[in-house]
Amino acid sequence: MTVTTEVRTAARVVDAVKVYGGGDTAVRALDGVSVAFPAGCFTAIMGPSGSGKSTLMHCAAGLDTLSAGAAYIGDTELGSLDDRRLTLLRRDRVGFVFQAFNLVPTLTVRENITLPLDLAGRKGDQEWVEALIDVVGLRDRLHHRPSELSGGQQQRVAVARAFAGQPDVVFADEPTGNLDSRSGEEVLGLLGRTVRHTARTVVMVTHDPVAAAHADEVVFLADGRLVDRMTAPTAERVLDRMKAFDAGTSQAKAFDAGTSQAKAFDAGTSQASPAKAFGGGTSPAPEVPS
Ligand SMILES: Nc1ncnc2c1ncn2[C@@H]1O[C@H](COP(=O)(O)OP(=O)(O)OP(=O)(O)O)[C@@H](O)[C@H]1O
């Protein structure tokens, strides 16, 4: 007897193309990417600077739109949704962790964790929220404000907030970029444990092979294309794979004046993302419940 196990897909893009700008200055940031992020897995997206990692994440998460192709959360095609439905989908079915934590400074740790539920007017699953608080190890800090926490603790709050509404998928954009290596390891361990213990899904963009090694699988982008995948990654193997990119692009890099431009765009998009991620409005900080 043959037993086939169907792997559910939490998010995917099909033939994804993203072009920024037009005419001579058009940049093809995604050039026909098809990739599925399996449910219950921790996937890292890696690739050289400017390869399209953030663009892929933003389009897969519904923070930006594709020029061609399709993006799905579960079976929902994002291009078929109007702005209101897309905002609701992001709020109810997607969690986000950003490099800059993006906690609301005037709210306590507990209020920050339950913010997505409060904004949605949902009570959520109390047992799940209490378990999350224990998993992130912040029970004795629940009444503190973010400014009273270390960077690592703040990011642990952001991780708990991302999972609070039991989303289909949590997207993490360089979640350890602002942390020292020890706090970074803690946050990555936490993401990995949450995926394994709760069968939730995480998709993480990172530059760091050590961070990528926490994932179940790494997908590699180069020049807006999916070029490789690696299961059961180790930091050494990921580093070796990245070195192969470096060898291939070192000549081109000598003439590359585009990197700082990419960073500037990055700064722009990561500023814009949190507002959309937590309600879709234009104000960067959500309203504070009294
Ligand atoms: N808003 C934008 N307008 C124009 N070009 C953009 C914009 N955002 C990104 N790009 C370009 O698209 C390409 C892919 O950028 P993206 O930020 O997705 O790459 P990345 O792999 O995340 O880079 P990094 O590792 O440096 O953050 C780059 O060439 C970048 O310059």
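Numbers for the structure displayed
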{"item": "Out of 86, 56, sole residue that is in contact with a Gly (Cβ under 9 Å, 6 or more places away or on another chain) and either without any contact (Cβ under 8 Å) to a residue 24 or more places away in the chain or within 16 Å of residue 223 (Cβ to Cβ) (or both)", "result": "56"}
{"item": "Lone qualifier among 70, 44 - being assigned to a strand (DSSP E or B), crowded, with 17+ Cβ neighbours inside 10 Å and touching a helix residue (DSSP H, G or I) at 6+ places or on another chain (Cβ under 9 Å)", "result": "44"}
{"item": "Candidate set from segment 22-46 (those that are on the phi > 0 side of the Ramachandran plot and over 17 Å from the mean Cα position of the chain (by Cα)); member that is nearest to the ligand (Cβ to nearest atom)", "result": "23"}
{"item": "Matching entry among 49, 54 (being in a loop (DSSP other than H, G, I, E, B), within 17 Å of the chain's Cα centre (by Cα) and under 26 Å from residue 242 (Cβ atoms))", "result": "49"}
{"item": "Extreme residue, farthest from the ligand (Cβ to nearest atom), among residues of segment 180-217 that are among the β-branched types (Val, Ile, Thr) and farther than 21 Å from residue 54 by Cα", "result": "198"}
{"item": "Residue 220 vs. criteria aromatic (Phe, Trp, Tyr), within 16 Å of the ligand (Cβ to nearest atom) and at pLDDT below 95", "result": "no"}
{"item": "Any hit, segment 5-16, residues being within 15 Å of the ligand (Cβ to nearest atom) and either under 27 Å from residue 238 (Cβ atoms) or surrounded by fewer than 23 Cβ atoms within 10 Å (Cβ to Cβ) (or both)", "result": "yes"}
{"item": "Of all residues making up segment 97-110, the number that are at pLDDT below 95 and not in a loop (DSSP other than H, G, I, E, B)", "result": "2"}
{"item": "Residue within segment 78-90 that is surrounded by 23 or more Cβ atoms within 10 Å (Cβ to Cβ) and under 13 Å from the mean Cα position of the chain (by Cα) present", "result": "yes"}
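The values are calculated or read from the model by the stated rules, or taken from the named source; none is laboratory data. From a predicted model like this one, the values you see are computed outputs, not experimental measurements. Here Cβ is always computed from backbone atoms with ideal geometry, including for glycine, and neighbour counts include all displayed protein chains.
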